[in-house]
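Nothing in this text is a laboratory measurement; each read-out follows from the coordinates by a stated rule. What you see is a predicted model, and the numbers here were worked out from it, not measured in a lab. Please note: Cβ atoms are built from the backbone with ideal geometry, for glycine as well, and neighbour counts cover all protein chains shown.
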Amino acid sequence: MRPAGAEGLAQACGAFDEPRFVAGVVSLPPGAMKDEEGVQTCSQVFIIRQGQLSSVEFTVNKEIFLLGGGDYFFVPPHNTYALRNHSKTVTAEISFVVMRPGS
């Protein structure tokens, strides 16, 4: 992850790392972004716990959605995604769960 400007760095923290899933949080300060990442064979679910209305940009396979606090989104297997916080004042707090395929 890298900042879009001098406002601050995006941060991620895993809370659980189990054989079938990983869960944690991403914090995107104003202007910060999370670079594009592939999910391989995993699926991911994100819930925006805090964020300015229509200021959290979610890109999946080059398709862009503008979301805010209370919204959630899904990344299916074999896709890429990126996040950016366009807000100038509100940090976006996002919870996530990565579901690994069964073994």
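Under the rule that an exposed site lies in a DSSP loop and has at most 16 other Cβ atoms within 10 Å, name the longest stretch of the chain with no trypsin sites (Lys or Arg not before Pro) of that kind, not counting the sites themselves. Present the calculation step by step, with values, prior to reporting the outcome.
Details: sites that count: 20, 62, 88.
The segment 21-61 is the longest one with no such site.
Would you calculate the separation in nanometres between label points at residue 35 and residue 72, each defined as 7 Å from the Cα along the Cα-to-beta-carbon direction?
It works out to 3.0 nm between the two label points.
Stretched out fully, how many nm does the piece from residue 88 to residue 21 gain, at 0.36 nm a residue minus the Cα gap?
20.8 nm
Under a plain spin-label model, where a point goes 7 Å from the Cα along Cα-to-Cβ, how far apart in nm are residue 99 and residue 64?
2.9
Regarding the chain, what are the three Cα extents along the principal axes, ordered largest first, in Å?
Per principal axis, max minus min of the Cα coordinates gives 43, 28, 24 Å.
In debye, nearest 20: dipole of the chain around its Cα centre with unit charges on the Cβ of K, R (+) and D, E (-)? Kindly include the intermediate steps, with their values, before the conclusion.
On the way: 8 positive and 10 negative charges, 5 e Å.
Using Cβ point charges on Lys, Arg, Asp and Glu, the chain gives about 20 debye.
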